[in-house]
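The values are calculated or read from the model by the stated rules, or taken from the named source; none is laboratory data. What you see is a predicted model; the values in this text were computed from it and never measured. Here Cβ is always computed from backbone atoms with ideal geometry, including for glycine, and neighbour counts include all displayed protein chains.
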Amino acid sequence: RRFVHVKAVASSALASGAWEIRAGDPPALAAIKRLVGLDELKRHAQELTDAVALERERGDDPKQKPLSMVLTGNPGTGKSLYAALYAELLGELQLLPQGRVVRVTGAQLQDGGVEGLEKLFEMFDAPGNGTLQVGDTVEARREGTWGHIGRIVHHCTRTDARSPYRDTYDVHFGAQYDVHFGAQVSFALSNGSTITRRDHDFDIGVRRKDLRARDDTGGVLLVDDAHQLEPSDKGAKRVLYQLTEEMDKRGGRLALVLAGYEKPMFEELLPFNNGALGSRIRRRFALSDFSDDELIKLLEFRLGLTKPSYRLSDGRYVRAAARRLGKGRGNVGFANARAIESLVELTAERQTARVLAERRAGAQPDIFRIERADLLGAPPRLLEPETSAPLRALRQMEGLQQVKASVDSLLKLAESNAAREEMELPPIEVSLNRVFVGNPGKTTVAKLYGQILRELGLLSKGEIVLPRDCAPARLCSREIVLPRDCALARLCSREIALSRDCDVVLATPADLIGSALGQSEEKTNALLDKALGCVLVIDEAYGLDPLSSFGGPGGGGGASGDPFKTAVINTLVSRVQGDAGADRCVLLLGYRNEMESMLRRGNPGLARRFQLDKAFIFDDYDDEALLRILLRNVERRGKTIAPETARLVVQQDLARARLRPNFGNAGAVDNSVSSAVLRAEARLEALPAETRASQTELLISDFVIEKPHVTDPSIIFDGLIGCDAIKARLTEYQVVMQAAKAAGRNPIDDLALTFAFQGSPGTGKTTVARRMGMLFEALGVLPSADVVQVSASQLTTGFVGQTGAKTREIFESARGAVLFIDEAYRLYDPLGRSYMQEAIDEIVTLLTEEAYKGKMVVIFAGYQGQMSEMLDKVNPGLKSRVADVIDFPDFTAAAAAELAALQLAAKKLSLPTGALPSALEQWMAPLVDAPSWANGRDVETFVKRVTVECATRGTTTVTTEALDAALVTLLKMKGSAGGAPSRALSSRLPSRAPTPPPLFQTAEPVFFTPPSFDLQKAIREAKMEDGKDDDDGEKEETDLAEALEEAVKALGYDDDDASRAELAELLGAAVEGQASFPEDLSARVARQTGMTAGAVGKALKRQAKPMLMARRKEREELVQAGDDEKLEDFDRDARLLERLRTMGPCPEGFSWFRSGNGWRCGGGKHFVYDDDPILGGL
């Protein structure tokens, strides 16, 4: 009877094994040896039994041995069964009381809290049921309280009494135990009777339930699913603390057995509280999943145990069924023996259904015979488009020859494996993981691909989850998880229709990337667990690239990569092994370039698991395929279209859109037809509803809306001012392309599409680029007139190895349009920075690649001299690929006046009646002659100012006063000493206009190299040599510096380069003692500070001298070291710094200091390279 509960728990795991059962083995040990597998645990049980016997032979006490253990493994591996048998074995070995086993789950412990745990341990303190002997020391319960220690002096057994009263004991509690039993005391009761009771030293007739021997306490606490105890929960924390305390208090009288999943047990539970609980449990066993041979033994035993009257038609079907179950081995949650039990139940359901069906058909089947279909289900069938919806849908799709060929190979493989299974040969297994690259359409195909894999049996059938509101689930008030083909699932057709689709799990990078440390791994593991037995489709997978700027909360990661995306990739590599026969298929979807980049530069393990050479390539559909898709789409919507119209739609709309990035293929067709249907409704809206419904034909005007410049290309040249030569060049391109089309040639063969625009700012380079895009779109060369405008600095990242990818990304975004690279002269780097050269090399490669050659216009733009230098000195291949160099001359006053008149008209401002645009020339001439003439930009600024002046005067007619005021303002901004046309107006111009700060380049990433000479240290040393304390007169020095700066500006020493150079010479001479400081400067500083002129001179010398001394000391050290190269750099830096000082601070007023290969302002926003033209080529 002792083992009845064991069989009820998991009797299917009992079977004959290879371990010898010896004559003296305890029953529990014999049962353990009969278990399938678990060799390590069998060895431990045998060794424990032998060790206890040896210790008793020695006279040692074996009850002090540590008996606790941890069992980890998947469900059904025998953890609970072994734990129960182990508890029985401890009782049989008399290490703990027999039958004292308390079984609880981790969730029950957590819910019950400390109170519940204490109640469990009360069971370990209950009296035993074994027979006690005279002389045994016992603990008695007297008047309801334990803790009274005594000795048994008499034992009486009454055979005629009931079990609880059969054995009674007399216990002596005195100080001496050598007394004799017999002293009794009689008490008179109220009814006149008497009763004999104990005296103060004796209890007489004590029942067994009130006596507790020393060996009665203790037991086995078996915590199943211990991983459910979450240390993050406050209640669970208190339980774990109490559990640790009880283990210390009870010692060898408590055996704690924790059973659960390996990862949460070893990563969360056992390490809790610095491993306090884990350190008290030395023995830990990991139970592996059952092998195929072990599963076969389990299945045979379970069938024999539960169906003893049944007969197998062929034993090989049992072996095949067990091997099918074994495919899930190694995955978290593989059910092992529980899967065997489910299979036996499913087999019984199938066998019953088959027998009843055959009887209804008039046959007389053997009701105890188990056929192949009962164990393995229906025999595999060859998938045909007529019977398989996903296969039929795939066959009907256009193109996809590579995918269809792969599916055909899998169909043949399924046939071969079905035959091999009948022959008991191992199946031929292939890795199902794939990369889908190309334009849209991948997700639809991935879904179909996953469904086909399921129908072929290459993935497990998964589970059906019946929702809470379905009929069977309502009975249980919870979800029910069923095998897909069990009887209940077949009966609940409505509920199954509502259940989740287990064929395909769709995800995007955002579903995997976390926003905190550890979240990426958690989310990725959860998704992989969900996709077990299914297809996991990760769309836009390039968003997982740690070095990209795409996808997810993590964003880009710079040179080292995004750590959150890296965690996702590492988890995928560790969990998705790419092994043949794995019960999970992972598909990575994305655009080709991005996917190739991610796999080639990322984790090598990812590239091994998802091989690019086996990727499914989704090429864009050709014109004929697009035509067929278009016709089917129109027909499906109940509309019609003429064949000629359909071809025009493909040529004029879809084929041109195909040249742009990320063409949607069938999705683009669907969008085009949807828009056409709506336009057709709008075209017919004036007609009655019945008439509109009968008008089903779609016209070309419903699909294609011609842009004005496509209808009339001549308007492209409207509004181009001062660009006669350029307009002539564009007209020439137009004639060449028209002639090529007339001759049936491709215009691209007669006209290259790479240009260099060179000219001053505001000469119309960007405007002409847009007009060129419009021209090429009108002539059918480009599908779009869009202009993607970038600067040369945007092609680089500042990190070696990333510039090429960045450049390719920008080219891809401009495919089918115009790429305008402004400030292209910066691609030439005199310092030879590798990432600039990398950009040039990548551009040369891209201009010759088929994906971009003839499919986009590329324009390099910049200043004339610098553009020529760039083309001459960079990669020679670039200059040879530039088809034409177009010069943009500066605007004349006449051209500027014409442009100003157009812009004024656009702002609804009119010239006086009868005035021609040429009348504005007298205001444009001073602007043209002013410093830094910016052509169209200055004209635009001038017009904006005229608009302000007119608004303040409350007029919409441009007046002379408004023009004069706007001109004066603009000339002041430009620092020109010229005047307006009016003599009176020119007299009001200031005699000395401030020079505007130069336009410095925005700061970019640089590599900072610290100086080898500590200048500040040298200054401190120079001051100490001069006998001055660095902290003396700090406020005085600050006031002096502020006064000096104000005086320099007020006296005009900061107006131009010549004035600043003069001041530098005067200050240098004064420090050297060759002259005194300028009198006007000293006097003004003296007035500001209240110091005398002499004191000002001394203070200025005191400030300037340490700096001059430090610089000289640095130069002297270089001369003494004979380092000519560093000396030359030092002198060059001095000249550059002097140049920057004479030019003044940055636009925000900060001074300059050396930073890497250039100079950065103190505010950190502006940066000037050493080779910048603004420094005059020093």
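Taking (1) crowded, with 17+ Cβ neighbours inside 10 Å; (2) small (Gly, Ala, Ser); (3) under 38 Å from the mean Cα position of the chain (by Cα) in turn, residue 286 satisfies each apart from (1).
What's the total number of residues in the stretch 728-774 that are farther than 22 Å from residue 881 by Cβ and not hydrophobic (A, V, I, L, M, F, W, C)?
Narrowing the stretch 728-774 to residues farther than 22 Å from residue 881 by Cβ: 728, 731, 734-735, 738-739, 741-744, 760-764, 767, 770-771, 774.
From what's left, not hydrophobic (A, V, I, L, M, F, W, C): 731, 734, 738, 741, 744, 760-764, 767, 770-771.
Of the residues in the stretch 728-774, 13 are farther than 22 Å from residue 881 by Cβ and not hydrophobic (A, V, I, L, M, F, W, C).
Of note, residue 839 does not satisfy the criterion of being more than 30 Å from residue 966 (Cα to Cα), touching a residue at least 40 places away in the same chain (Cβ under 8 Å) and not in a helix (DSSP H, G or I). Of the residues making up the stretch 510-532, those that are at pLDDT 90 or above, under 9 Å from the mean Cα position of the chain (by Cα) and not aliphatic (A, V, I, L, M) number 2. Going by the structure shown, is residue 699 at pLDDT 85 or above, farther than 26 Å from residue 826 by Cβ and of a type outside the set (Phe, Trp, Tyr)? Yes: the conditions hold for residue 699. Hey, among the residues in the stretch 882-895 that are within 25 Å of residue 748 (Cα to Cα) and modelled with pLDDT of 85 or more, which one's surrounded by the most Cβ atoms within 10 Å (Cβ to Cβ)? Step by step, filter the stretch 882-895, then rank; the result is 888. Looking only at residues of the stretch 713-734 that are at pLDDT below 75 and farther than 22 Å from residue 939 by Cβ, we find that the one that is surrounded by the fewest Cβ atoms within 10 Å (Cβ to Cβ) is 714. Screening residue 685 on (1) in contact (Cβ under 8 Å) with a residue 60 or more places away in the chain; (2) farther than 30 Å from residue 787 by Cα; (3) part of a loop (DSSP other than H, G, I, E, B) shows it passes everything except condition (1). Taking the stretch 137-155 as the range and being at pLDDT below 75 and either assigned by TED's automatic domain parsing to the domain that holds residue 97 or surrounded by 15 or more Cβ atoms within 10 Å (Cβ to Cβ) (or both) as the test, only 142 passes.
Of everything in the stretch 616-637 that is not charged (D, E, K, R) and not in a helix (DSSP H, G or I), the residue that is surrounded by the most Cβ atoms within 10 Å (Cβ to Cβ) is 621.
Here residue 234 fulfils each of the conditions (1) more than 41 Å from the chain's Cα centre (by Cα); (2) over 30 Å from residue 92 (Cβ atoms); (3) modelled with pLDDT of 60 or more apart from (1). Of all residues in the stretch 567-575, none are closer than 24 Å to residue 444 by Cβ, surrounded by fewer than 23 Cβ atoms within 10 Å (Cβ to Cβ) and either at pLDDT below 85 or not acidic (Asp, Glu) (or both).
So is residue 232 surrounded by fewer than 19 Cβ atoms within 10 Å (Cβ to Cβ), small (Gly, Ala, Ser), at negative phi and in a helix (DSSP H, G or I) or not?
For residue 232, the condition - surrounded by fewer than 19 Cβ atoms within 10 Å (Cβ to Cβ), small (Gly, Ala, Ser), at negative phi and in a helix (DSSP H, G or I) - is not met.
Close Cβ contacts (under 8 Å, 6 or more residues apart or on different chains) running from residues in the stretch 222-234 that are assigned by TED's automatic domain parsing to the domain that holds residue 101 to residues that are in a loop (DSSP other than H, G, I, E, B) comprise 223/229; 227/261. When each of 607, 666 is tested for being within 24 Å of the chain's Cα centre (by Cα), modelled with pLDDT under 90 and of a type in the set (Gly, Ala, Ser), the lone residue that passes is 607.
If the condition is being within 16 Å of residue 727 (Cβ to Cβ) and not in a strand (DSSP E or B), then the stretch 868-893 contributes 889, 891, 892. Cβ-Cβ distances below 7 Å connect no pair with a first residue in the stretch 88-108 that is of a type in the set (Ser, Thr, Tyr) and surrounded by fewer than 22 Cβ atoms within 10 Å (Cβ to Cβ), a second residue that is in a helix (DSSP H, G or I) and at pLDDT below 85, and a separation of six or more residues or different chains. Only a single criterion out of (1) at pLDDT below 85; (2) touching a Lys or Arg at 6+ places or on another chain (Cβ under 8 Å); (3) buried (at least 20 other Cβ atoms within 10 Å of the Cβ) is not satisfied by residue 658, namely (2). Evaluating residue 621 against the criteria (1) within 27 Å of residue 780 (Cβ to Cβ); (2) more than 43 Å from the chain's Cα centre (by Cα); (3) hydroxyl-bearing (Ser, Thr, Tyr) leaves one unmet condition, (2).
In the stretch 596-606 there is no residue matching the filter, namely being in contact with a strand residue (DSSP E or B) (Cβ under 9 Å, 6 or more places away or on another chain), farther than 26 Å from residue 806 by Cα and not hydrophobic (A, V, I, L, M, F, W, C). Among the residues of the stretch 908-948 satisfying the criterion of being assigned to a loop (DSSP other than H, G, I, E, B) and closer than 24 Å to residue 765 by Cβ, which is nearest to the chain's Cα centre (by Cα)? So, considering only residues that are assigned to a loop (DSSP other than H, G, I, E, B) and closer than 24 Å to residue 765 by Cβ, the one nearest to the chain's Cα centre (by Cα) is 934. The set of residues in the stretch 357-389 being β-branched (Val, Ile, Thr), within 18 Å of residue 314 (Cα to Cα) and part of a loop (DSSP other than H, G, I, E, B) consists of 367 alone.
Under the condition of being part of a helix (DSSP H, G or I) and within 34 Å of the chain's Cα centre (by Cα), which residue from the stretch 824-836 is modelled with the lowest pLDDT?
Checked the stretch 824-836; the qualifying residue modelled with the lowest pLDDT is 834.
Mind checking whether some residue in the stretch 533-550 is in the same structural domain as residue 607 (by TED's automatic domain parsing), in a loop (DSSP other than H, G, I, E, B), touching a Cys at 6+ places or on another chain (Cβ under 6 Å) and at pLDDT 65 or above? Yes: one or more hits. Any residue in the stretch 728-748 that is in contact with a His (Cβ under 8 Å, 6 or more places away or on another chain), outside any loop (DSSP other than H, G, I, E, B) and in contact (Cβ under 8 Å) with a residue 24 or more places away in the chain? Checking the stretch 728-748: not a single residue is in contact with a His (Cβ under 8 Å, 6 or more places away or on another chain), outside any loop (DSSP other than H, G, I, E, B) and in contact (Cβ under 8 Å) with a residue 24 or more places away in the chain.
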